[in-house]
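The values are calculated or read from the model by the stated rules, or taken from the named source; none is laboratory data. It should be emphasised that the depicted structure is a prediction, and the values quoted were computed from it without experimental measurement. All Cβ positions, glycine included, derive from the backbone under ideal geometry; neighbour counts span all protein chains shown.
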Amino acid sequence: MQENKTYNWISKKRTTRKQFFSGKSGKIITLLGNSFRTAVKTLKKFEITSYEINPIIYMRQKESKFKRINFKFGDILSAPVEEGVFYDLDFCCTIFSVEEHVRKFKDTDFLLTICLRGKTLESSLAFFSKIMGSDTYKIRRYRTQRNLYILSAGEKTYRVITYRDGAPMCCIAKL
Ligand SMILES: C[S@@+](CC[C@H](N)C(=O)[O-])C[C@H]1O[C@@H](n2cnc3c(N)ncnc32)[C@H](O)[C@@H]1O
């Protein structure tokens, strides 16, 4: 039963995040994590560089047969900001723990995945908007797809999709 539940969460995560990769290719800087074998399946069109802060997970990645992936040990915060690169910031914590990261990559083409555990979507998006440089924000929820929101923060708009992955999660990308 628990296994089924976990499988459903993973599959929900993959299908939600996959929508944001559609139509994209080229260089990606990402966090492949422990399930890197499945995570790469959604990234077939990319030239991948993956950062990992956990030494045990990094060793597992490095010893794998994925020679085409550039596995790097360290904080993704040390990744260079470059034009034409897609930044897949898939964190398992709330936005309040990764302010510095979001700030660094705010002007890039990014997909931010964050946890909402113990926080509301509203407070997380308010904080996100602030990092993006706007004190005001507006959230519009789609009537036909209840987990899809459009966030307007200053001049910019973002697509926000919520899903459950054990904990409530949300993906944010520029529109
Ligand atoms: C949520 S998982 C990635 C999941 C993967 N993208 C997937 O689709 O299955 C995040 C991974 O990145 C690592 N990580 C978290 N914060 C990091 C950071 N600031 N820099 C580098 N790695 C980090 C974690 O140890 C974990 O292995």
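Residue-wise test of (1) in contact with an Asp or Glu (Cβ under 6 Å, 6 or more places away or on another chain); (2) touching a residue at least 12 places away in the same chain (Cβ under 8 Å); (3) surrounded by 12 or more Cβ atoms within 10 Å (Cβ to Cβ).
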{"site": "LYS13", "(1), (2), (3)": "yes, yes, yes"}
{"site": "LYS18", "(1), (2), (3)": "no, yes, yes"}
{"site": "ARG37", "(1), (2), (3)": "no, yes, yes"}
{"site": "THR49", "(1), (2), (3)": "no, yes, yes"}
{"site": "ILE56", "(1), (2), (3)": "no, no, no"}
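Considering the stretch 88-107, the residues that are loosely packed, with under 15 Cβ neighbours inside 10 Å and in contact (Cβ under 8 Å) with a residue 24 or more places away in the chain include one that is farthest from GLU122 (Cα to Cα), namely ASP107. Among the candidates GLY118, GLY23, the residue that is modelled with pLDDT under 95, surrounded by fewer than 18 Cβ atoms within 10 Å (Cβ to Cβ), on the phi > 0 side of the Ramachandran plot and not charged (D, E, K, R) is uniquely GLY23. Looking only at the stretch 72-87, which residues are more than 9 Å from the ligand (Cβ to nearest atom), closer than 23 Å to ILE57 by Cα and surrounded by 10 or more Cβ atoms within 10 Å (Cβ to Cβ)? Answer for the stretch 72-87, where residues must be more than 9 Å from the ligand (Cβ to nearest atom), closer than 23 Å to ILE57 by Cα and surrounded by 10 or more Cβ atoms within 10 Å (Cβ to Cβ): PHE86, TYR87.
Looking only at residues of the stretch 134-167 that are outside any strand (DSSP E or B) and of a type in the set (Val, Ile, Thr), we find that the one that is surrounded by the most Cβ atoms within 10 Å (Cβ to Cβ) is THR136.
Would you tally the residues in the stretch 45-71 being in a strand (DSSP E or B) and either away from the ligand (no atom under 13 Å from the Cβ) or touching a His at 6+ places or on another chain (Cβ under 6 Å) (or both)?
To start, the set of residues in the stretch 45-71 that are in a strand (DSSP E or B) comprises 46-52, 70-71.
Checking the rest, the ones that are also either away from the ligand (no atom under 13 Å from the Cβ) or touching a His at 6+ places or on another chain (Cβ under 6 Å) (or both) come to 47, 70.
Count: 2.
For the stretch 97-109, state whether one or more residues are under 25 Å from THR49 (Cα atoms) and part of a strand (DSSP E or B). Yes, there is a match, as at least one residue in the stretch 97-109 is under 25 Å from THR49 (Cα atoms) and part of a strand (DSSP E or B).
Selection of the stretch 87-96 for residues being at pLDDT 95 or above, closer than 17 Å to GLU52 by Cβ and not in a strand (DSSP E or B) yields PHE91, CYS93. Does THR42 satisfy the condition of being part of a helix (DSSP H, G or I), out of contact with any helix residue (DSSP H, G or I) (no Cβ under 9 Å at 6 or more places or on another chain) and either within 12 Å of the ligand (Cβ to nearest atom) or under 25 Å from THR108 (Cα atoms) (or both)? Taking the combined requirement at face value, the residue does not satisfy it.
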